[in-house]
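Okay, so here's the structure we're looking at.
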Amino acid sequence: MKITQLECWPVEIRLREPYTVAYETVDKTTNLFIRARTDTGITGVGCAAPDKTITGETPEMVIYAFQSYIYPVLMGSEPFHYLLLHEHLRSRIPDMPAALAMADMLLYDIVAKTAGVPLFMYLGGYRESMPTNITIGIQPVDETVKKAMEYVQRGFRVIKVKGGFNVEEDIEKLRKLREAVGEDIELRFDAGFGYTFEEAIHFIHVTRDVHIEFIEQPTPRRKNYLLSKVRREITIPDSADESIWNMRDTFRLTGQNLTDMVNVKLMKVGGIIEALNINAVARAAGAETLVGCFDESALGIAAALHFALARPNVAFADLDSHLDPEDDPAAGAVIIEKGVMYPTGKPGLGFEFP
């Protein structure tokens, strides 16, 4: 089998409801889509969701990476050499994980479609569905509670709240949320690396009776020693997010018991291959994995879901960005019912562009 055609194009997707995190407000996103045709008639797809703040990539940079590196490497190649091709690309675009994830996703889609099975089955097929949380950005307390109740009425059983701007407001917010939703709804909190060490400890101690399931990246991403200090002071699990970029980060943080779990995002680590490797390192250290996302089309969410369904150590999912965009060209690439996510059941990633 050979790749005979290859194209990439950007799509600006507006969000129905802009959201705020500790470091920015977002009202739109640009995803890049890739499609390949093979000499056997199989068509593969993938996407990139660059994030200038987190990965340092822009849509223009991804287009450049496609034209200068991805196209020359993949055109005429055998997709089943996906590990070799991934290594070639990683050496050429080492600092562009979203662009690398786009190519990685494409290759996996082709080989699973050739095998005639959904990608999660090709990767191991550990489970067939997974619940996800739904995220509420930084909003006033009353609006946060109102939004949470809407999600509960829609069937979501896990709610994640973004914070890190104002620790006292975050505390009030979590307390009122617990009062409103009751004890049967799981609450997660993402500080978005917005707290000092002292603020993180204060938040966790004061909200102990709120029973937060876990807290994500409470302290600055480049100060990993603070994660360790926080972990020694708290009783709830913490998750490293922006501190996890590769296997080396995972080995250091989990091997030294600096964190309880790692947040793996395909766009941050460079695709499914690296996600599988990072998850294996975390499992060896006894840490669990949370699979997360950026502002991704349903196609990117589908790839993350297939990874999560294939491995027992992926215990939590934060895959909800596809619920907000308007005019997503890959809408329908995943199925969600009452907060539980399912693949489409079709081969590969389960989606084809018209």
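Any read-out appearing in this document is the output of simple, stated calculations on the displayed coordinates, not a laboratory observation. Every value quoted in this text rests on a predicted model; they were computed, and no experiment measured them. Using ideal geometry, Cβ is built from the backbone for each residue, glycine included, and neighbour counts are taken over all protein chains shown.
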Item to check | Chain lengthening between Asp27 and Thr53 when straightened (0.36 nm per residue, less Cα-Cα) | outcome: 7.9 nm
Checklist outcome for this item: Hydrodynamic calc, the chain: Kirkwood Rh from Cα pairs, then Stokes-Einstein at 37 °C with viscosity 0.692 mPa s, so D in µm² s⁻¹ is 161
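Classify segment 114-263 as rounded, prolate or oblate, taking a ≥ b ≥ c as the square roots of the eigenvalues of its Cα gyration tensor: rounded when a/c is under 1.5, otherwise prolate if a/b is larger than b/c and oblate if not. All intermediate terms of the calculation are to be shown ahead of the outcome.
Values: a/c = 2.20, a/b = 1.12, b/c = 1.97.
Because a/c hits 1.5 or more and a/b fails to exceed b/c, segment 114-263 counts as oblate.
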Item to check | Protection-proxy order for peptides 172-182, 240-250, each taking the mean of Cβ atoms within 10 Å per residue, highest first | outcome: 240-250, 172-182
Checklist outcome for this item: Rounded to two decimals, the Debye log10 I(q)/I(0) of segment 139-197 (Cα scatterers, no solvent) at q = 0.13, 0.22, 0.30 Å⁻¹ is -0.31, -0.83, -1.35
Item to check | Residue exposure sequence - Ser297, Ser129 - by fewest surrounding Cβ within 10 Å | outcome: Ser129, Ser297
Next on the checklist: Under the 0.36 nm per residue contour assumption, what length would be gained going from the current alpha-carbon distance of Gln153 and Glu172 to full extension?
Outcome noted: 4.6 nm
Checklist entry - How many nm separate the modelled label positions at Leu83 and Ala315, each set 7 Å beyond the Cα in the direction of the Cβ? => result 2.8
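Give the calculated FRET efficiency between Tyr64 and Lys229 to the nearest 0.05, with a Förster radius of 41 Å applied to their Cβ-Cβ distance.
0.50
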Next on the checklist: Once each part is reduced to its C-alpha centroid, what is the distance from segment 113-140 to segment 264-310 in angstrom?
Outcome noted: 10
Checklist entry - Could you give the length gained on full extension between Glu128 and His202, defined as 0.36 nm per residue of separation minus the Cα-Cα distance, in nm? => result 22.7 nm
Checklist outcome for this item: Packing-ranked peptide list from 261-268, 311-318, 231-238, 89-96, highest mean Cβ count within 10 angstrom first, is 261-268, 311-318, 89-96, 231-238
Next on the checklist: Given R₀ = 51 Å, what would the calculated FRET efficiency be for Phe165 paired with Ser91, taking r from the Cβ atoms and rounding to 0.05?
Outcome noted: 0.85
Checklist entry - Can you list the lysines whose alpha carbon sits under 22 Å from that of Lys265, skipping same-chain ones fewer than 8 residues off? => result Lys28, Lys52, Lys160, Lys162, Lys223
Checklist entry - Once you have the alpha carbon radius of gyration of segment 29-145, what is it after dividing by 2.2 N^0.38 Å, with N set to its residue count? => result 1.28
Item to check | Largest-first principal axis extents, alpha carbons of segment 168-327, Å | outcome: 41, 40, 25
